[in-house]
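Worksheet: one structure, shown below.
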Amino acid sequence: MKILIIDNLAVKSSRREIYRELAKKNGEAISLLVPDSWKEQGILTKYEEEKSDLLKVYASPFLFGYRHQRIIYTKLKSILELVQPEVVFISSEPENFNTYHLVRLVNKYFQNIKIVCATWRNIDYRFNAYPYKLGFLNKIIERYTIKKINLCVAHSYSAVDIMQQISSWEIVFVPPAIDLKIFTFNPLGRKDYVVGYIGRLSKEKGVDILIKAISKLDITCLIVGRGAEKNYLKSLASDLGIADKITWVDAVQYEEVPLYLNQIQILVLPSRTTRKWKEQFGRILIEAMASGVYVIGANSGDIPKVVGEYGFLFKEEDVDELSNLIERIKNNQVPDELLLKARKMVEENYSIEKAVNVMYESFRKLVQKNMNSL
C-alpha cells in the first residue's frame, strides 16, 4: 500500500518507531509528513533527519503556530501530488484545521484517497463547548469533515463510544503504543524511596493534590514538567513546609522519560475533571508500569480503565486516600507479583507490534474495499 502519515510529534526521530514497524509490515516504505519544527510542553524541537530507509520523511512549514488544533501544513498539496497515496492517516482530531485542510484537498483533487483520522476524545462536544479559543470554528470544521472521513482510529477507550454516537465512520481502537525497548523493566534499580509525577503542570493535572499528600508523609517527591502552575505549586510546597522534600526538574524530551522513571518507586497521576477536560488516557501510566513502577491514579476520565487491577485508584481531590495509598505501597502492603503482572499487561496490550497489527489490517481493508468498488 502507498501510505502517507501526517504526525506533528514525529518531528523527532524517536517518535517514529511505530511507523517504521508499520513500514516493515507493509512491505514497502511509508511516507511521513511532519512540521519543520514543533513545540511540546514548551520544548522546541527542530526536524530531525530520518536515517532509516523504511520511511520517506518530508518536513513542511506550517501556519498558525504550535497548536495541534490549528496547524496547517503549507506543503500538503505538493506532498499528496508527489506521494500519490492510497490512504492518508492524519494523527489529528476531526475538528482540527489540518484535518479540514486534508479533507478539502482530497475532496477537490484526490478523490480516490482514503482518509483516516485519529481521536482521543472523551467528552462529547455536542453538549460541551470545544476547549479552544476558536472553538466555534472547530465545531464548523467537524460538521464538514465528519461527512468525508473514511475511518477513525480511537486511542482512548471513551473515544470509541463517543465517536460511534456522532458519526457513521468505522472506528477501530488502536491502543497508545510505547517502545518497550526504551521503557525497560527495572524495579530494583532505585536507591531511595521516591514518589513522582511526570507531565504538564496545569490545574487540571492536580499536582497540588500530590503535594498535599506528600506533606502528610515521610517521603520525598520528584516532579518533572513545566506549566503555568509551577510557581503556585512551589509556593504551596513552601507553605506546607515540604520544599526540601521535592525535587523539581524542567520538562524533558520523550526519550529522557525512562531516566526519571528509574528514579521513582511510585508514579502518581492525580488528574481532576473539569467542564472541558478529563484525563484522556494517561500514557505515563503504562510507561511507568512497563518500567517496574507502581502507579496510582485519580478516577478521572480513562485512568480507571488504564490502571485496572495493575495499580491503585483514589477519588479525585481526596488527599487522605492518596496519602494512605502511598503509605501502603511504601510499607510493602501490596502483592509482590503486581509489578511483573503490570509489565506483562503492557506487553500484551500496549506494544508497538500490537498497535501496528491493528492499524495495518484496518488500512488494508479500507484500500481493498476501495479497489473492489472501482
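Using only helices, what value at 222 nm comes out for the chain when you add -39,500 (n - 2.57) per DSSP H run of length 4 or more and divide by the total residues, to the nearest 500 deg cm²/dmol?
Values: 13 runs with 133 residues, N = 374.
Taken over the chain, the calculation gives -10500 deg cm²/dmol.
Here the simple spin-label model places points 7 Å from the Cα toward Cβ, and for residue 108 and residue 238 these points are separated by 5.5 nm.
Residue 344: which lysines have alpha carbons under 23 Å from its alpha carbon, excluding same-chain residues fewer than 8 sequence positions away? Reachable lysines: 181, 305, 330, 354.
A Cβ-based charge dipole, computed about the Cα centre of the range 250-374 with Lys and Arg at +1 and Asp and Glu at -1, lands at about 660 debye.
Trypsin sites (Lys or Arg not before Pro) within the range 252-361: which are DSSP loop residues with at most 12 other Cβ atoms inside 10 Å? Before the final figure, lay out the partial values.
Numbers: sites: 272, 275, 276, 278, 283, 305, 315, 328, 330, 341, 343, 344, 354; in loops: 272, 275, 276, 278, 315.
Of the trypsin sites (Lys or Arg not before Pro), the ones in loops of the range 252-361 whose Cβ has at most 12 other Cβ atoms within 10 Å are 275, 315.
Note on the chain: dipole from Cβ charges, positive end direction compared against 11, 257, 185; the farthest Cα belongs to 11.
What FRET efficiency, computed as 1/(1 + (r/R0)^6) with R0 = 30 Å and r the Cβ-Cβ distance, is obtained for residue 230 and residue 317, rounded to the nearest 0.05? The value I calculate is 0.90.
Of the trypsin sites (Lys or Arg not before Pro) found in the range 1-81, those that fall in a DSSP loop while having at most 10 other beta-carbon atoms within 10 Å are 51.
With the cut-off at under 15 Å, measuring from each backbone N in the range 2-38 to a point 7 Å along the Cα-to-Cβ line of residue 49 picks out 13. Strictly greater than 18 Å: what percent of every Cα pair in the range 1-65 meets that? More than 18 Å apart: 32 percent of the Cα pairs in the range 1-65.
Taking Lys and Arg as +1 and Asp and Glu as -1, the other residues whose beta-carbon sits under 12 Å from that of residue 352 total +2.
What shape does the range 194-348 take by its C-alpha gyration tensor, where a ≥ b ≥ c are the square roots of the eigenvalues and a/c under 1.5 counts as rounded, a/b above b/c as prolate, and the rest as oblate? Taking the square roots of the gyration eigenvalues as a ≥ b ≥ c, the range 194-348 is rounded. Strictly over 29 Å apart at the Cα level, which of 24/365; 51/77; 12/75; 56/139 would you flag in this model? Result: 56/139 exceed 29 Å.
Neighbours of residue 57, meaning other residues whose beta-carbon lies under 14 angstrom from its beta-carbon, give a summed charge of +1 when Lys and Arg score +1 and Asp and Glu score -1.
With contacts taken as Cα pairs under 8 Å at a separation of at least 6 residues, the range 196-313 carries a relative contact order of 25 percent.
Restricting to Cα pairs below 8 Å that are 6+ residues apart, what does the relative contact order work out to for the chain? Please round to a whole percent. Walk me through the numbers before you get to the answer.
Numbers: 723 pairs, mean separation 57.4, N = 374.
Worked out over the chain, it gives 15 percent.
Along the range 328-336 the Karplus relation, 6.51 cos²θ - 1.76 cosθ + 1.60 evaluated at θ = phi - 60°, assigns HN-Hα couplings of 5, 5, 4, 8, 6, 9, 9, x, 4 Hz to successive residues, with x for each Gly and Pro. For residue 314, the amide hydrogen comes within under 5 Å of the amide hydrogens of 297, 298, 299, counting only partners 5 or more places away or on other chains and with H modelled in the peptide plane. In order along the range 137-152, phi translates into HN-Hα couplings of 5, 4, 5, 5, 4, 5, 4, 7, 5, 4, 8, 10, 6, 9, 7, 10 Hz, rounded to whole numbers, per the Karplus curve 6.51 cos²θ - 1.76 cosθ + 1.60 with θ = phi - 60° and x for Gly and Pro. Centroid-to-centroid, using Cα positions, the range 268-313 and the range 137-194 are 14 Å apart.
When the Cα convex hull of the chain is projected onto planes of every orientation, the mean area is 18.2 nm². Annotation for the range 1-75: chymotrypsin sites (Phe, Trp or Tyr not before Pro) lying in DSSP loop with at most 15 further Cβ atoms inside 10 Å of their Cβ are 64, 66.
Values quoted throughout were computed directly from the atomic coordinates according to the rules given, and no laboratory measurement underlies them. All figures in this text were calculated on a predicted structure; none of them were measured in a lab. Quick reminder, even Gly has a Cβ in these numbers, built from the backbone with ideal geometry, and neighbours come from all protein chains shown.
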